[in-house]
Amino acid sequence: MAHDNKKVVLKGQAAIELWLQGKEAWNKWVEENPVADVSFREVDFTKFEGVLFTGYKFPTGTVDFSLARFNEDRAICPNKQLANIQVNFSHAHFGDGDVDFSGAMFGISDVLFLQTQFGAGRVSFSGVTLAKGLVNFSNAHFGDGNVNFSGSRFNKAEVLFLNTQFGNGDIDFFDARFVGDVFFSGSKFDNGDVTFNRARFSNGNISFASTQFEKGNVRFIDTDFGDGNVRFSFTQFGDGHVSFYEAKLRGNITHFDNAKFGKGYVNFSRAIFGGGDIDFSRTDFGEGSVNFSFSIFNQGEVSFSSSKVTGNFGFANIDGADKIRSLSFKHATFDGSVDLDNNNFNCVPDFTNTKLSHQLNLSHFTVIPRTKNKDKLASKLFIGLKKLGLAKS
């Protein structure tokens, strides 16, 4: 133990020895030293059979696990028999202050932060690597402060942030890599920007279902969701802007049904959608403009049925409009202008009981059905447009 300008600092071998004495001895020391810095920076934990900090309390101050090695990576030690170990910080309580795991190597491990409490301060897991295992932050609580997972690498891992609470501060997963299922379902992000720009998901399903975003901007710009199913069903977005610009959503299921957006714009421009079920039914797009123009669609069924758009709606210049199998605006409500310019459909868009309050732009809009019943489908389109007041007998 050392003193830095009269501040208690627990680090190195002294920190390891106290940790090895167990939770009771550790927590007793924290009670006696409520304000202190703790450092396990660059500590090699690989000689221990598991790293357990379950129920440990940390003092108010900086906690540093940066560049720590918790287990080996088979890519680094290809000839070594490696066991899956457990790195467990579940029910741990970090006091106010910065917590730093940046650059930590978890190797082949189950990394558990179940119901872990982080105090006010910055939390960084930037650049961490996991070769294989489980990452579980379910029911964890992050205090006010920025949380950084940028550049993290979760290979062959199931990643769970179920019902996780993020406090006021920016949340950054820029350039993170996920290989396996990823679930943020039921989590809540308080005031602050949430960024997944250039994140890459592969070989798994992704769910943000019933997640709640408060007042910050939410960005999935150039995010690659891989070939797995993507669900944002019942997700609530706050009053910030939401952008999926150039995002890749190539899975068989892309669901935003029953989602709710706030006052900001919603941007899916130049996004790439797969050939499966693309569902925005019963979605409330909030007060901002909504833009899907110049996005790419494949052989999927696209539904905006019973959705509500208060601002302007752009669905123009769609690349692959002729590949869309079905497109429904049935029972949808548009309070702003709707732009469907420069689209060539081989399906007949369904405008049954669609409500329009402003202009519907159909310049260079064509429908050439693939089916033999072209006259019947053309009549269906004519009837739909007539009900909207856009066609005359």
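The values are calculated or read from the model by the stated rules, or taken from the named source; none is laboratory data. Here the structure is a predicted model, which is why all the values come from computation and not from measurement. Positions of Cβ are backbone-derived with ideal geometry, glycine not excepted, and every protein chain shown enters the neighbour counts.
Here are some notes:
- For the range 367-381, the count of residues that are farther than 21 Å from G288 by Cα, among the hydroxyl-bearing types (S, T, Y) and at pLDDT below 85 is nonzero.
- Of the candidates R198, R219, R231, R177, the single residue that is at positive phi and of a type in the set (D, E, K, R) is R198.
- Within the range 32-50, residues that are within 10 Å of R69 (Cα to Cα) sit with their Cβ atoms under 6 Å from residues that are assigned to a strand (DSSP E or B) and not acidic (D, E), at 6+ positions apart or across chains, in these pairs: D44/R69; F45/V51; T46/R69.
- Residue within the range 282-294 that is touching a helix residue (DSSP H, G or I) at 6+ places or on another chain (Cβ under 9 Å) and either under 16 Å from P349 (Cβ atoms) or aromatic (F, W, Y) (or both) present: no
- The condition (being within 21 Å of S269 (Cα to Cα), crowded, with 21+ Cβ neighbours inside 10 Å and either at pLDDT below 95 or touching an Asp or Glu at 6+ places or on another chain (Cβ under 8 Å) (or both)) is satisfied by just one residue among F244, F256: F256.
- Filtering the range 157-170 to residues that are closer than 22 Å to S90 by Cβ and either free of Cβ contacts under 8 Å to residues at least 40 places away in the same chain or touching a Pro at 6+ places or on another chain (Cβ under 9 Å) (or both) leaves A157, V159, L160, F161, L162, N163, T164, Q165, F166.
- Test for F273: is it touching a Leu at 6+ places or on another chain (Cβ under 6 Å) and over 20 Å from K355 (Cα atoms): yes
- The lone exception for K330 - which of (1) under 23 Å from the mean Cα position of the chain (by Cα); (2) on the phi < 0 side of the Ramachandran plot it fails: (1)
- Residue within the range 298-306 that is within 16 Å of A271 (Cα to Cα) and touching a helix residue (DSSP H, G or I) at 6+ places or on another chain (Cβ under 7 Å) present: yes
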